[in-house]
Amino acid sequence: MNWKKLTEEAQIEEIKALSKARPVMIFKHSTRCSVSSMSLDRLLRNWKAEDEQKLVPYFLDLIAYRNLSNLVEQVFGVPHESPQVIIVRDEVAVYDNSHFGINYSDLMAKI
């Protein structure tokens with residue numbers, strides 16, 4: 001999976017702009033949480049190379065960039081969870097799920 005790492009506030013505007021052309025996924029991951037690691041692993045095991053033509057994947061390390069998680073919550077109106085996946089289309093969060101609700105098939109159905 002070819003993640004774009006979400007590390008700077010300016011990237012929120014980049015995500016909004018990109019979402020006008022194709023959906024953007026933000027995966028919020030806690031490196032200290034086993035549930036987060038399992039959810040990430042399940043997503044990675046199902047991910048196909050061609051999926052990146054349908055969806056732009058961003059990875060947010062919650063431990064290192066908690067302030068960005070707060071900004072994502074504020075900008076897209078999605079309360080923080082960990083782990084969490086958010087799909088942004090046309091600058092709006094159109095789908096979110098967390099913990100064991102993160103499911104590859106559901107994500108692909110939403111895009």
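The values are calculated or read from the model by the stated rules, or taken from the named source; none is laboratory data. This structure is a prediction, so every number in the text was calculated from the model and none was measured. In this analysis, Cβ positions are derived from the backbone assuming ideal geometry, glycine residues included, and neighbour counts consider all displayed protein chains. Calculation scope for accessible area: heavy atoms of the full protein, side chains included, ligands and nucleic acids excluded. Shrake-Rupley method; radii C 1.70, N 1.55, O 1.52, S 1.80 Å.
When 21, 93 are checked against the criterion of being of a type in the set (A, V, I, L, M, F, W, C), open to solvent by 10 Å² or more (accessible area, probe 1.4 Å) and touching a strand residue (DSSP E or B) at 6+ places or on another chain (Cβ under 6 Å), 93 stands alone in meeting it. Among the numbered conditions (1) surrounded by fewer than 18 Cβ atoms within 10 Å (Cβ to Cβ); (2) touching a Lys or Arg at 6+ places or on another chain (Cβ under 9 Å), the only one that residue 56 does not meet is (1). Within the set 109, 93, the sole residue that is farther than 20 Å from residue 17 by Cβ and hydrophobic (A, V, I, L, M, F, W, C) turns out to be 109. What do you reckon, is residue 100 out of contact with any Cys (no Cβ under 6 Å at 6 or more places or on another chain), crowded, with 18+ Cβ neighbours inside 10 Å and either over 17 Å from residue 6 (Cβ atoms) or of a type outside the set (Gly, Ala, Ser) (or both)? So residue 100 fails the test. Scoring residue 42 on the criteria (1) of a type outside the set (Phe, Trp, Tyr); (2) within 19 Å of residue 109 (Cβ to Cβ); (3) in contact with a Pro (Cβ under 6 Å, 6 or more places away or on another chain) leaves a single failure, condition (3).
To keep it simple, each residue is scored yes or no on (1) of a type in the set (Ser, Thr, Tyr); (2) more than 13 Å from the chain's Cα centre (by Cα); (3) within 12 Å of residue 83 (Cα to Cα).
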{"position": "12", "(1), (2), (3)": "no, no, no"}
{"position": "19", "(1), (2), (3)": "yes, no, no"}
{"position": "22", "(1), (2), (3)": "no, yes, no"}
{"position": "30", "(1), (2), (3)": "yes, no, yes"}
{"position": "33", "(1), (2), (3)": "no, yes, yes"}
{"position": "39", "(1), (2), (3)": "yes, no, yes"}
{"position": "55", "(1), (2), (3)": "no, no, no"}
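Set side by side, the residues 70, 46 differ, and just one is in contact (Cβ under 8 Å) with a residue 24 or more places away in the chain and either in contact with a strand residue (DSSP E or B) (Cβ under 7 Å, 6 or more places away or on another chain) or not basic (Lys, Arg) (or both), which is 46. Given the condition part of a helix (DSSP H, G or I), over 14 Å from residue 27 (Cα atoms) and open to solvent by 30 Å² or more (accessible area, probe 1.4 Å), answer yes or no: does some residue in the range 72-84 qualify? Yes; the residues of the range 72-84 include at least one that is part of a helix (DSSP H, G or I), over 14 Å from residue 27 (Cα atoms) and open to solvent by 30 Å² or more (accessible area, probe 1.4 Å).
Taking the numbered list (1) of a type in the set (Val, Ile, Thr); (2) under 16 Å from residue 75 (Cβ atoms); (3) open to solvent by 10 Å² or more (accessible area, probe 1.4 Å) in turn, residue 26 passes all entries but (3).
Here residue 86 clears all of (1) free of Cβ contacts under 8 Å to residues at least 60 places away in the same chain; (2) under 13 Å from the mean Cα position of the chain (by Cα) except the condition numbered (1).
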